[in-house]
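Participant: Have a look at this one.
A short reminder: the numbers here are calculations on the coordinates, not readings from a lab. Owing to the predicted nature of the structure, the values given are computational and were not obtained by experimental measurement. Quick reminder, even Gly has a Cβ in these numbers, built from the backbone with ideal geometry, and neighbours come from all protein chains shown.
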Number of protein chains: 2
Amino acid sequence: MQELKSIYEITKNFDGFLFDAYGVLVDEQGLLEGATELLSHLESIGKPFWMLTNGSSKTVADTVKRYRNMGLPFSVDNVITSGALLSDCLDQLTEPGQAIGVLGTEGSHQLVRDAGRCPVAITESKDFDILVIANQTDYDFVPALDAALSLAIDRIDRGLNFTVVLTNPDLFYPKGENRFGITAGSVSLILEECLKLRYGSLPPNRIIKLGKPFPPMFREAERRAGSKRLVMVGDQIYTDIKGANDYGFQSVLVATGLTGREMLDSLDDSLKPSYFVNHLKES
Amino acid sequence: MQELKSIYEITKNFDGFLFDAYGVLVDEQGLLEGATELLSHLESIGKPFWMLTNGSSKTVADTVKRYRNMGLPFSVDNVITSGALLSDCLDQLTEPGQAIGVLGTEGSHQLVRDAGRCPVAITESKDFDILVIANQTDYDFVPALDAALSLAIDRIDRGLNFTVVLTNPDLFYPKGENRFGITAGSVSLILEECLKLRYGSLPPNRIIKLGKPFPPMFREAERRAGSKRLVMVGDQIYTDIKGANDYGFQSVLVATGLTGREMLDSLDDSLKPSYFVNHLKES
């Protein structure tokens, strides 16, 4: 791990930059210092950049609108949400027009509609073999989980298909000072551990995880950049840094979010970022 | 593992018998065949028995009433619920009269009151350092989990005490044919994995688990029996059988519940029961 005084020391070393949003470019108070200047600098030297964000409660268009309103120069072309990977994933699993169970917000249902499928609430239908877990809100938690678990066990016991697609694998997120909230990864965790307990282990494609740190998000970034010489700038070890390292990208940990410098020394090498920097300002 | 034609072959080999309830003595339709006859036989040959059941949504008195109404000869002296272990556990952790956070039913709150403490709902107070996770219902799930997680992180970050007491470690339970429901263990699982992600690992007493397969339940059975020459009769590998084996009791798997004979061969030796029997009938 190399400690940088400024991220500007390495802006010419890569074919493109990948940024996490929360704790890197913005926080709950708004823009973080240096964020817009760094993105302008990258534009001026011809280095493309993308935002990679775990989230599937909003469409990409709504996500872009939110960050543009904050003053960040993003468009639908350079924002990759984990929810937006759903369409390709469903194309590989099913025919268009099929019913898909959804645990999530109206925005999550819209992602499934945008992917050419028919979203159904899990407590209203059992007639599907793919369940998208997109969010923790806007459904009655325990009855919905009971229905999901019962359907999964019933279908697996009968030798039928049942696939969970998790569009946001984060277990929890920072909601503001001293406040945290569970998210879709925690919902999927319950199903995963219950099914492991019942069946001993799960086949690798029983639960497909789309966001960071899993490969589909980074694969999409590589596809859009047309290069693997990319660097991920993030604030979280187990999503941003681990994901980039595992995929073969380089990584920068920036200390403006959830991880401080003092937390890095005890980490395994596979979890250490390529670079560390205190903030995104030029100096 | 020895396969028995009848459990009556071994009734004289032990100082006492421990029974799981669901899938062993009863199921959703009522009494299982041979259950009352076996308990009468044990009484007639002077062998004491206890019911060991993971549950903390009812008091012991209500649990006894339920099983007596079904025709089983239990009293408060020979029913051990995981919820009933709470009182001793809290005596080791706190002074009487203290406020204790509770996630659970009114029955769960009553268990805390019976233990001489003041139960408070987690969304109404932050003024406690012990959280009892007793049940998955009767509270607004996501806001309650968010409050629990935020409180845990805030207290741990400030170097203060924070202990979770899980009175029912089961992840899920059978609700009836093809229907399953998540329970308190799944609630605690979310907190446990979020805290592990944030802190790398947890000190052993951060989350105290009282029910099967954990030692407190079996320790209480040994205390009441005044002997370690006991055998646990159960239908679940990871609670009844693993718990008894780990504690040093012998174990009988009976095939009237969640585990069939065909599921045993692939298990590690530490998970195999001492005996297998198809049912509790004499022949």
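Participant: Using only Cα atoms, find the angle between the long axis of helix A:60-69 and the longest principal axis of chain A, and express it within 0 to 90 degrees, rounded to the nearest 10.
Facilitator: Roughly 30 degrees, rounded to the nearest 10.
Participant: For every other residue with a beta carbon closer than 10 angstrom to the beta carbon of residue A:48, add +1 if it is Lys or Arg and -1 if Asp or Glu, then tell me the sum.
Facilitator: Once all neighbours under 10 Å are counted, the net charge is -1.
Participant: Tell me the distances, shortest first, between residue A:15 and the same position across the other copies, using label points 7 Å along Cα→Cβ, in nm to one decimal.
Facilitator: So the distances to the same position in the other copies read 7.3 nm.
Participant: Quick one: 3J(HN,Hα) in Hz for region B:211-216, Karplus 6.51/-1.76/1.60 with θ = phi - 60°, rounded, Gly and Pro as x.
Facilitator: x, 4, x, 7, x, x
Participant: Largest first and in whole Å, what are the equivalent-ellipsoid semi-axes of the protein assembly as shown based on the Cα gyration tensor, each being the root of 5 times an eigenvalue?
Facilitator: 49, 26, 21
Participant: Another question, then. Nearest 5 percent is fine: what portion of the DSSP beta bridges confined to chain A is antiparallel?
Facilitator: If I count the DSSP bridges inside chain A, around 15 percent turn out antiparallel.
Participant: Enumerate the amide H contacts of residue B:49 below 5 Å, restricted to partners 5 or more residues apart or on another chain; note that Pro and chain-start residues carry no placed amide H.
Facilitator: B:17
Participant: Residue by residue, what Karplus-based ³J(HN,Hα) values in Hz, rounded to whole numbers, does region A:235-241 have, using 6.51, -1.76 and 1.60 with θ = phi - 60° and x for Gly and Pro?
Facilitator: Each residue's phi maps through the Karplus curve to give 10, 10, 4, 7, 10, 5, 6 Hz.
Participant: What distance in nm separates the two pseudo spin-label positions at residue A:202 and residue A:161, each 7 Å out from Cα along the beta-carbon direction?
Facilitator: Computed distance between label sites residue A:202 and residue A:161 equals 1.8 nm.
Participant: Hey, can you grab everything whose amide H is under 5 Å from the amide H of residue A:209? Only 5+ residues off in sequence or another chain; H modelled, so Pro and N-termini drop out.
Facilitator: A:166
Participant: Also: What does the C-alpha gyration tensor say about the overall shape of chain B? Classify as rounded when a/c is under 1.5, otherwise prolate if a/b is larger than b/c, or oblate.
Facilitator: prolate
Participant: Now a separate question. Given R₀ = 25 Å, FRET efficiency for residue A:62-residue A:178 by Cβ-Cβ distance, to 0.05?
Facilitator: The calculated FRET efficiency here is 0.35.
Participant: Then there is this: How big is the charge dipole of the protein assembly as shown about its Cα centre, in debye rounded to the nearest 20, if each Lys and Arg gets +1 on its Cβ and each Asp and Glu gets -1 on its Cβ?
Facilitator: In debye, rounded to 20, the protein assembly as shown gives about 400.
Participant: Picking from B:208, A:237, A:93, whose Cα lies most toward the positive end of the charge dipole for the protein assembly as shown (charges on Cβ: Lys, Arg +1; Asp, Glu -1)?
Facilitator: My answer, from the dipole projection, is A:237.
Participant: In chain B, which residue puts its Cβ closest to the axis that turns chain B onto chain A, and how many whole Å away is it?
Facilitator: B:141, 2
Participant: Using alpha-carbon positions, what is the distance between the centroids of region A:249-283 and region A:159-176, in Å?
Facilitator: Centre-to-centre distance over Cα atoms comes out at 26 Å.
Participant: Please sort B:124-136, A:36-48 by packing, taking for each peptide the average over its residues of neighbouring beta carbons within 10 angstrom, highest first.
Facilitator: Top of the packing list down: B:124-136, A:36-48.
Participant: For residue B:224, place a label point 7 Å out from Cα along the Cα→Cβ vector, do the same in each other copy, and report the separations in nm, one decimal, smallest first.
Facilitator: So the label point of residue B:224 gives 6.1 nm to the other copies.
Participant: List, shortest first and in nm to one decimal, how far the label point of residue A:268 (7 Å from Cα along Cα→Cβ) is from its counterparts in the other copies.
Facilitator: Relative to the other copies, residue A:268 has label-point distances of 1.9 nm.
Participant: Something else about it: Using only the alpha carbons of region A:84-209, what is the convex hull's orientation-averaged projected area in square nanometres?
Facilitator: Reported value for the Cα convex hull: 7.8 nm².
Participant: Moving to a separate point now. Hey, which lysines would be in cross-link range of residue B:5, C-alpha to C-alpha under 29 Å, not counting anything within fewer than 8 residues on its own chain?
Facilitator: Of all the lysines, those that pass the test against residue B:5 - Cα under 29 Å, at least 8 places apart if same chain - are B:47, B:212, B:228, B:242, B:272, B:281.
Participant: What is the dipole size for region A:84-209, taken about its Cα centre, with +1 at each Lys and Arg Cβ and -1 at each Asp and Glu Cβ, in debye to the nearest 20?
Facilitator: 280 debye
Participant: To continue, here is another question. Once phi is turned into ³J(HN,Hα) by the Karplus curve 6.51 cos²θ - 1.76 cosθ + 1.60 with θ = phi - 60°, what whole-Hz value does each residue of region B:87-98 show in order, with x for glycine and proline?
Facilitator: Karplus values, whole Hz, x for Gly and Pro: 4, 4, 4, 5, 4, 6, 9, 9, 7, x, x, 6.
Participant: Around residue B:229, with a cut-off of 12 angstrom between Cβ atoms, what is the net charge of the other residues, counting Lys and Arg +1 and Asp and Glu -1?
Facilitator: Here the count lands on +1.
Participant: A follow-up question, please. Counting pairs of Cα atoms in region A:1-151, how many percent are more than 24 Å apart?
Facilitator: 45 percent
Participant: Amide H to amide H, which residues 5 or more places from residue B:179 or on other chains are under 5 Å from it, using H placed in the peptide plane?
Facilitator: Close amide H contacts, sequence-distant or interchain: none at all.
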